[in-house]
Amino acid sequence: MPAFLTDFFGKLMEPLRFLFLGYQMGLAKPGYLALCVVGGLVGTLALLLALRRRSRVSALLNERLVDKLAPGASRWRPAVQGGFYGLGLLLFGLALAQPQCGTKSELTKRRGIDVVVVLDASKSMLARDVQPSRLERARLELTTLLDELKGDRVGLVAFAGDAFVQSPLTSDYSAVKLFLRAVDPEQMPQGGSNIGDALLLARQVLENADRGAKERVVVLLSDGEDLVGQVDEAVAALKAANVQVLTVGVGSEQGEPIPVYNRRGEFVDYKKDSSGETVITRMDRGGLTAIAEATGGTFYYQPRGVAMAQVLERIEQMQKSELESRVTVRYDERFQVFAVPGLVMLVLGMLLLPSARRRPS
């Protein structure tokens, strides 16, 4: 479906809130009101067809002959039946729109852990030893994590030669996905790969968190190549802060050249070193495993699957903390007021026969 249609239907389904006679009212899914229009059209069409049928019969036959020639035939039953169906659809449309009347204030508490995802955005992540590329596979892994987390706060740190906070700790997973799509190796200010600097920045994000969780985790998504080398210092700092690092390997150990693209996104060549030789990038299983084990974490790798499922299992086993409490407003649902009568109308429509059955005399 085109993007503009997706946005249009998405806006139709946005909640609608308004005041009526001093009461807070709303529709959770106003787009379903279109079914009310369909119901109205069905009822109107049934009435018009009944009137047309009656006019045709009156034009051809005398009123006294209708019962003799067509015993049991009814000119109004089809209209009434269509009216029942139309009214039933109209009421079901109102029910599906989820009408709400009145509000209640509730205190909700969010429990979870703090997770900072460190995403490798160096040029080596453009390698295509996993399809469609290492970076796209890492995005898939992270999206899987965000889709399954419940209550945990997530932050995002992207790195190449430098590291920066792409998203602070938040429970708004949609916002993190938005920041994730903006990560582009071609837009990184400095080339290279500095895992150590990224891990230190992740620790800083966790230390600066408001009401930090008891359990804190860093999830590193990378091919493991570290061309700068501050990893030992970062691992020692994370271990001292009792922060586990769960590493997810992306790429293959066989090696793959790094593609180079022009400004239009077209493939040009493979990256060359200073001597003109093609640069081959390989996933460093040993380096990623060492980082994880030094902090009490684990290395995960699924060359043909999604490793994040195992990461989620590990996170679920950790002790949850109360991260935030907030007062939320809950609207009282009133869809039953329309759903039950709508069902009655549809049943009556099915029970009502278009013509009255008469026993032969």
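The values are calculated or read from the model by the stated rules, or taken from the named source; none is laboratory data. A quick note: this is a predicted structure, and the numbers were derived from the prediction, not measured. Quick reminder, even Gly has a Cβ in these numbers, built from the backbone with ideal geometry, and neighbours come from all protein chains shown. Just so you know, the surface numbers come from the protein's heavy atoms only, side chains and all, with ligands and any DNA or RNA stripped out. Shrake-Rupley method; radii C 1.70, N 1.55, O 1.52, S 1.80 Å.
Any residue at all in the stretch 265-280 that's open to solvent by less than 60 Å² (accessible area, probe 1.4 Å), at negative phi and at pLDDT 90 or above? There is no residue in the stretch 265-280 that is open to solvent by less than 60 Å² (accessible area, probe 1.4 Å), at negative phi and at pLDDT 90 or above.
Only a single criterion out of (1) part of a loop (DSSP other than H, G, I, E, B); (2) open to solvent by 10 Å² or more (accessible area, probe 1.4 Å); (3) not polar (S, T, N, Q) is not satisfied by PHE164, namely (1).
Any idea which of ARG139, ARG153, ARG216 is within 18 Å of VAL248 (Cα to Cα), in contact (Cβ under 8 Å) with a residue 60 or more places away in the chain and out of contact with any His (no Cβ under 7 Å at 6 or more places or on another chain)? Break it down into steps so the answer makes sense when it comes.
Details: ARG139 fails: in contact (Cβ under 8 Å) with a residue 60 or more places away in the chain; ARG153 fails: within 18 Å of VAL248 (Cα to Cα).
Going through ARG139, ARG153, ARG216 in turn, just one is within 18 Å of VAL248 (Cα to Cα), in contact (Cβ under 8 Å) with a residue 60 or more places away in the chain and out of contact with any His (no Cβ under 7 Å at 6 or more places or on another chain): ARG216.
Whenever a residue of the stretch 276-300 is free of Cβ contacts under 8 Å to residues at least 60 places away in the same chain, its partners that are of a type in the set (Ser, Thr, Tyr) and open to solvent by 50 Å² or more (accessible area, probe 1.4 Å), lying with C-beta atoms within less than 9 angstrom and at least six residues away or across chains, give the pairs THR278/TYR270; VAL279/TYR270.
Among the candidates ARG128, ARG139, single out the residue that is in a helix (DSSP H, G or I) and at negative phi. Sole residue among the options that is in a helix (DSSP H, G or I) and at negative phi: ARG139.
Being assigned to a helix (DSSP H, G or I), at pLDDT 90 or above and either open to solvent by less than 20 Å² (accessible area, probe 1.4 Å) or within 20 Å of SER133 (Cβ to Cβ) (or both) is not true of ALA175.
Residue under question is SER325, and the condition is that it be in a loop (DSSP other than H, G, I, E, B), loosely packed, with under 15 Cβ neighbours inside 10 Å and either at pLDDT below 90 or hydroxyl-bearing (Ser, Thr, Tyr) (or both); does it hold? Steps first, answer last, please.
On the way: in a loop (DSSP other than H, G, I, E, B): no; loosely packed, with under 15 Cβ neighbours inside 10 Å: yes; either at pLDDT below 90 or hydroxyl-bearing (Ser, Thr, Tyr) (or both): yes.
Taking the combined requirement at face value, the residue does not satisfy it.
Touching a strand residue (DSSP E or B) at 6+ places or on another chain (Cβ under 7 Å), closer than 18 Å to MET308 by Cα and not β-branched (Val, Ile, Thr) - does that describe any residue in the stretch 172-188? Checked against the condition, which is being touching a strand residue (DSSP E or B) at 6+ places or on another chain (Cβ under 7 Å), closer than 18 Å to MET308 by Cα and not β-branched (Val, Ile, Thr), the stretch 172-188 yields at least one hit.
Restricting attention to the stretch 285-312, the residues that are open to solvent by 20 Å² or more (accessible area, probe 1.4 Å) and in contact with a Gly (Cβ under 9 Å, 6 or more places away or on another chain) total 9.
Among the listed residues GLU253, GLU316, which satisfies the condition of being touching a residue at least 12 places away in the same chain (Cβ under 8 Å), closer than 29 Å to ALA234 by Cα and open to solvent by 80 Å² or more (accessible area, probe 1.4 Å)?
Details: GLU316 fails: touching a residue at least 12 places away in the same chain (Cβ under 8 Å).
Just a single option satisfies the conditions, and that option is GLU253.
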